[in-house]
Amino acid sequence: MPNTYTYGIHTDLSPVELFFLIAVDETMNELGVSDAVDRLQNGGGIQQAGEAGGSTVMNDAWLQLQQFIREIRAPGLLGIDEELTRDMDLYHDLDWEPPKIVNVMETWGAPFRVDLSEFDVAYYAPSANMRRREAVLAALKSPFSAKARDSLAGRSLTLGMLEEAMKRGRWERE
């Protein structure tokens, strides 16, 4: 196929697709998002509660959680970022889909030593176990069907719940 390109793991890209991937990578580099993700994946950049090992010791779980969330979130446009609150829901307020929630929870659990063996994203976002087609159909039916609404309902998964788990050292269903 003429005029196809490869970029990283992506192959058979059109010129527009290639441009888009390069623009995304460069934007992430300029905003420092790539560096924050690398630090988090390598377990660095976050102090454990009561652990001396940097210039500052953070004993407050909420401050640690805010720092973590800010480091993994892409900054808002023009540097404007909303205030994080304990009642912010990962799915509804932060607009994270179930795969991202799972990734963030795993990345968060390790440095804060939170046992996540009881965590199941499908408990909070039932669509996590649905095939894409089923989720779309349920969403289309939801204005007219209580059963469809119930299948999409889910439960809150808030930053406050993550803070409490940090204090306990384990995830518990609320």
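Worth pointing out:
- For Asp115, the residues whose amide H sits under 5 Å from its own are Arg170, Trp171, ignoring neighbours fewer than 5 places away on the same chain, with H placed 1.01 Å from N.
- Simple spin-label estimate for Leu63 and Val136 in nanometres, 7 Å along Cα-Cβ: 4.8
Readers should treat all values here as calculations from the given coordinates under stated rules, not as data from a laboratory. Please read all numbers here as calculations on a predicted model, not as lab measurements. Heads up, the Cβs are rebuilt from the backbone with ideal geometry, glycines too, and the neighbour counts pull from every protein chain shown.
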